[in-house]
Every structure is written in C-alpha cells, then in structure tokens.
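The values are calculated or read from the model by the stated rules, or taken from the named source; none is laboratory data. Quantities reported herein were computed from a predicted structural model and do not represent experimental measurements. Cβ: placed from backbone, ideal geometry, glycine included. Neighbour counts: every protein chain shown.
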Amino acid sequence: MQDCTWLQVANLAILSLTFGAIVWYSWETNRLKKAARDQVEALYAPCITIQFWPRNAADAILEAGGVAGDVAVRPVEGQVALINMGNGPAVNVNYSFEPIEPAPGATVARPSGRIHVIPKGDSFRTHVPVGAVKANSFKFTAAYESMSGQKYEASGTVNRLVLGTDFSFKRRS
C-alpha cells in the first residue's frame, strides 16, 4: 500500500511539472506572438504631420493657374495640409489647432476637422486657411488609426507656420 502512495505522489509531481511547463510555454508563445504583431504594426504605421500649401509664391502662382499674359496671377491664400509620412494609410483622422495663450478678449479660431483616409505618402489639403494659423501659436493634434485599428496621435506646436521641435508621434492605447 505504501508503494502505491509513493507512486501516486510521484505521478502528481510529474503532472504538476508538466502543467507548469505547458503554462510557461503558452506564456512565452503569447509574448512572441505579441512581439511579431508589434513589429508588423511598426512597419506599416502611418505618421501624420502638417505642411502649408502653397509653400512659396511659385507654388501659389501654379495653384492659381500660372500667368495671364505678362502679369502673374495674384497668389492665393494657402491651406494647411496633412501629410502621411508613414508606411501605411491613416484612417479616421481627427485634427485640431488649439490656440496657445491668445490675447485677452481676442477671438481666435480653433480650426478642426475629420478626414476619412490619407494614403501612405499622400497629403490632404484641409479646409483650414493658412491665415487662420499664421498669426498665432497653436497646438496641433491629429488622432488617427492604422488599418489594423491601432490608435496613434501626432502633436506639436505651430508658431507662425513653423512646426516646433516638440513634435511627437506615439501609439495610444
């Protein structure tokens, strides 16, 4: 009878060790799966930033249709454009410009909007005129998703049409 009890204890110990090994293996496999998914996501992540269109007088003239006879067409007021510098499309893009320290009593625009998709390497001219953001400092924010549904945010300050060094791009949870 004692041999049978010893055998049952040994069997329980072996089964417990086997169970522990399976749990550990499952945990490690799950970590590898997550790391592989994160690597693929990083390869195809969109990255939104801003540019101002037209960027210079020549672009403005071309945008307005070139020259009329010997007289150059008056440059048009530019628009703020969002550009996707990442490796995948950006979907459900919500953007906004919040004024930083507006003058007391001044009415300052808070332009914002939504774009359904910006393909990789492409830009989208918004409805926001450059004049709405060139006289003040603004905090630019764009929240968007990748094709896999991962959420991202790009933000930074814009001071007189110059994107600041505080520009950041991050994944949101």
How about segment 97-133: which of its residues are crowded, with 17+ Cβ neighbours inside 10 Å and in a helix (DSSP H, G or I)?
Ala132, Val133
The residue that is modelled with the highest pLDDT, considering only those in segment 42-56 that are over 12 Å from Arg171 (Cα atoms) and in contact with a Ser or Thr (Cβ under 7 Å, 6 or more places away or on another chain), is Tyr44
I need the full set of residues from segment 142-155 which are touching a residue at least 40 places away in the same chain (Cβ under 8 Å), not hydrophobic (A, V, I, L, M, F, W, C) and not in a loop (DSSP other than H, G, I, E, B), in order please.
Tyr144, Glu145, Tyr152
If we keep just the residues of segment 156-173 that are assigned to a strand (DSSP E or B) and of a type outside the set (Lys, Arg), which is farthest from the chain's Cα centre (by Cα)?
Asn159
